[in-house]
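Here the structure comes first, spelled out in structure tokens, and everything after it is commentary.
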Amino acid sequence: MIEIKEAKTPKALKAFVKFPFSLYKGNPYWIPPIINDELETFNKDKNPAFTSADAQFFLAFKNGKIVGRVAAIINHIEIKDQQVKKMRFGWFDFIDDLAISKLLLDKVDKIGKENGLEYMEGPVGFSNLDKVGVLVEGFDHIGTMITWYNHPYYQKHFEAHGFVKEKEYLENKFKFAAADPKLFTKANQLIQRRYGVRPMNFTKSSEIMPWADKMFDLFNESYAKLSSFVKITDVQKAYFKEKYIKFINPEFIKFVVDKEDNIIAFAIVMPSFSKALQKANGKLFPFGAFHLLRAKKKSKDVIFYLIGIHPEYQNKGVTAVIFNEFYHTFKKRGVENCIRTPELEENTAIRQMWKHFNPVTHKRRRTYRKSL
């Protein structure tokens, strides 16, 4: 017998967070989250996403054992301001049993209909800075801390339940050795002279903080036209500054500013924490924090997390300034592999930006939708 129960208590939410640890036990490609961080994400008093969103969390039980989970999310900015009548769902995991995945999705379906929404889409999170998409190719590549990993059978379940592909995301990587400086060194100098812009580099997190709000404003401007975009609110900016900026090596954050010191482009790169998180296995203590700190300083793999360019400067070669700065930073640190986060297949501008680095698409992921 299968039962679906809402996870409301701290104990139930912890079980919700820990379910993938059993589902993917022994899998060399799955990256476990830090349990306390994940619990904070679902805490209405700590995650500012709840100021503009509602969420319910459900667990599936079979013979008393947890066999699946799903988060049902309503983003009010998306619905009221953008008039996108979408029911979101994410953190969707389950054993290979069609009855279980259907009952979980039925819960999401019911909430969507009760709120007068038109369709459901997932897996997605609260905002554009959350994880997105179900993996459909690249199961034999290690995940990252900012993507979900899943078993190959997930795609079969979506399609069996009448879902259709909504968005496709590509993940690419390239060897740092493929970054030929001749491709951007001269262009960097030309762009700086032509537009009167200059790069900004940092050595301390405290140097970045006064600029962080403007960086998030530029992020909102840069991605506003993409179909899936929901802007970051002021309260979310404060949360992300506190939670993430201090976690990133300040040398891996680059700005480009104009003559008036307005940010016209930025890029955030993170060291890969994948292997460190596997060693931590969900806990910072006693040794998890040590593994993460070591990765922050020593990792030879880096992840291009965010790049934002003001609409007025897009397609004007400003990325040459950013690439030039990262080239020197990566060379000094002995970086070997550059990994890009999921990028919408429709975002041709981003693919053009990377074409000279001989990128390889090693993963594909999708969101699926279904009418309500």
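Values quoted throughout were computed directly from the atomic coordinates according to the rules given, and no laboratory measurement underlies them. These numbers come from a predicted model, not from an experiment. With ideal geometry, Cβ positions are generated from the backbone for all residues, glycine too; neighbour counts draw on all protein chains shown.
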What are the trypsin sites (Lys or Arg not before Pro) within the range 251-287 that DSSP puts in a loop, where the Cβ has at most 14 other Cβ atoms within 10 Å?
Lys259, Lys283
Starting from the Cα of Lys102, step 7 Å along the direction of its Cβ; do the same at His362; then give the gap between the two resulting points in nm.
3.8
Once amide H atoms are placed 1.01 Å from N in the peptide plane, what residues at a sequence separation of 5 or more from Ala53, or on another chain, have their amide H within under 5 Å of its amide H?
His76
For the range 1-53 and the range 273-309, distance of Cα centres in Å
20
Taking a label point 7 Å from the Cα of Ser371 along Cα-to-Cβ, the residues of the range 69-97 whose backbone nitrogen sits under 20 Å from it are 83-89
Could you give the nm distance between label points at Lys298 and Ala178, where each point is 7 Å from its Cα heading toward the beta carbon?
2.7
Less than 16 Å from a label point 7 Å out along the Cα-to-Cβ axis of Arg198: which backbone N atoms in the range 304-330 qualify, by residue?
321-322, 325
Helix-only estimate, please: 222 nm mean residue ellipticity of the chain, summing -39500 (n - 2.57) across DSSP H runs of length 4 or more and dividing by its residues, to the nearest 500.
-10500 deg cm²/dmol
Those chymotrypsin sites (Phe, Trp or Tyr not before Pro) in the range 283-342 that DSSP places in a loop and that have at most 14 other beta carbons within 10 Å
Phe287
Could you compute how fast the range 175-371 diffuses translationally, taking Rh as the Kirkwood radius over C-alpha pairs and applying Stokes-Einstein at 4 °C with viscosity 1.567 mPa s? Give it in µm² per second.
72
D (Stokes-Einstein, µm²/s), Kirkwood Cα radius, the chain, 0.692 mPa s at 37 °C:
152
I need the GluC sites (Glu not before Pro) found in the range 197-278, filtered to DSSP loop residues with at most 11 other beta carbons within 10 Å of theirs.
Glu260
Which of Lys8/Lys46; Lys5/Lys165; Lys80/Lys246; Lys214/Lys243; Lys102/Lys225; Lys225/Lys316 have a Cα-Cα distance over 23 Å?
Lys5/Lys165; Lys80/Lys246; Lys102/Lys225
